Amino acid sequence: MSHDLTGAPAPPQPHPPTPGPVEEQRPGLQPRTVLLLLSLFVGVLLVAVVAMLPVPYVVLSEGPALNTLSAPGGKPLIEISGRQTYPTTGGLYLTTVSVLGGPRPVTLPTVLRAWLDPDEAAVPVEAVFPPGQTAEQADQETRQEMTDSQTAATAAALQELDIPVTVSVGALVSGVPAARVLKTGDVLLAVQGHPVTGYSSLRSAVTGVAPGQVVAVRVRRNGSEKVVDVTTTKDQAGQTALGVVPRYAFPFTVRIQIDDIGGPSAGTMFALGIVDKLTPADLTRGRRIAGTGEISPDGTVSPIGGIAEKMIGARDVGAGWFLAPAENCTEVVGHVPDGLRVVRISTLHGARQAVEAIAQGGTAAASLPTCS
């Protein structure tokens, strides 16, 4: 018997096996990628190392500006005892420069920042420090320069006020003829009959005398006076000189108290502060005047460094006027901050006259010489 199988169900089909967990395959780093990452790491490392290496530059920026007529906390910066002093007003500000680098090296990022900052300057280290100078030597030199500037400022100020100063032989220049007849400690009383009352009178006494000529020098030695013949010589500037390093004895005490600031450039403002305190008239009449300049005992004002940064410091303490050494004028032009007027000076006497003209105002102040 036959059967029709057309509508019969299909025979069951076997099920495929259930797949198990499949481990994910991660492709490895390509050699090119590894090389790129390694190069990037080495590059970053080299940049970091270079950034930490010292560079032969010095960064200059404004330092503190201090009023020589007063001081923070009410303690005067200049104290005078043994002589009558007079009240002062206004301000005579010495200006300073902050110096980074040199014996204490700076890194490249510090120098780059200074190049981008208009109020800072980066200069080669040899422009500021002698080759091979250590940090200790630099500190010692600037401290000695500050001490010498205070002595010179006092001598110059007293000369400006016609107050006699005793000048003696502090030392003798090596090899000069004077070493055969003068001794350390000799008090210089007169040269060629001209009384020695300060450094300027000592210099003027040999003016017109050719180096190598003999001059009569009256000295006081061990309490007695004598006249010795001294053969003159040349100083470093080529001028006639006795060949002595002078030492000064002042008729009263001038004490300048200043910390953490070195160098010779405050001398002119020290001298003006001493003159103001010893002068019955108020020198500034309440004006704020800043300035700078190394000073010699004869009152000569010499150029200094960092004047652009010092003018910024003057502006920031509210000074309207700035006294600048004449030989610094090329560095002044183009760097004067807004609101500051610069007067060029070459002597303490000229600086004093400038302060008096500024205090007077009007045409007297307007006609003062400036840098151009």
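The values are calculated or read from the model by the stated rules, or taken from the named source; none is laboratory data. Quantities reported herein were computed from a predicted structural model and do not represent experimental measurements. Heads up, the Cβs are rebuilt from the backbone with ideal geometry, glycines too, and the neighbour counts pull from every protein chain shown. Each accessible area value is taken on the protein alone, full model and side chains, heavy atoms only, with ligands, DNA and RNA left out. Shrake-Rupley method; radii C 1.70, N 1.55, O 1.52, S 1.80 Å.
Here are some notes:
- Filter pass, L172 being touching a residue at least 12 places away in the same chain (Cβ under 8 Å) and open to solvent by 30 Å² or more (accessible area, probe 1.4 Å): yes
- Taken as a whole, region 245-252 holds at least one residue that is of a type in the set (D, E, K, R) and under 27 Å from the mean Cα position of the chain (by Cα).
- The residues listed here are V254, V215; of these, the one that is over 20 Å from S149 (Cβ atoms) and either among the basic types (K, R) or at pLDDT 95 or above (or both) is V215.
- Whichever residue in region 29-45 is part of a helix (DSSP H, G or I) and over 49 Å from the mean Cα position of the chain (by Cα) and, among such residues, is modelled with the lowest pLDDT: V34
- Residues of region 194-209 classified as assigned to a loop (DSSP other than H, G, I, E, B) and open to solvent by less than 50 Å² (accessible area, probe 1.4 Å), total: 4
- Of the strands (runs of 3 or more DSSP E) contained entirely in region 286-372, those carrying at least 1 residues that are without any contact (Cβ under 8 Å) to a residue 60 or more places away in the chain, small (G, A, S) and in contact with a Cys (Cβ under 7 Å, 6 or more places away or on another chain) fall at 321-325.
- Test: R180 is of a type in the set (K, R) and closer than 30 Å to D276 by Cα: no
- Filtering region 266-285 to residues that are modelled with pLDDT of 95 or more and among the small types (G, A, S) leaves A266, G267, A271, G273.
- Filter pass, L158 being part of a helix (DSSP H, G or I) and without any contact (Cβ under 8 Å) to a residue 12 or more places away in the chain: no
- Some residue of region 226-240 being in a helix (DSSP H, G or I), open to solvent by 40 Å² or more (accessible area, probe 1.4 Å), among the charged types (D, E, K, R) and within 29 Å of N328 (Cα to Cα): no
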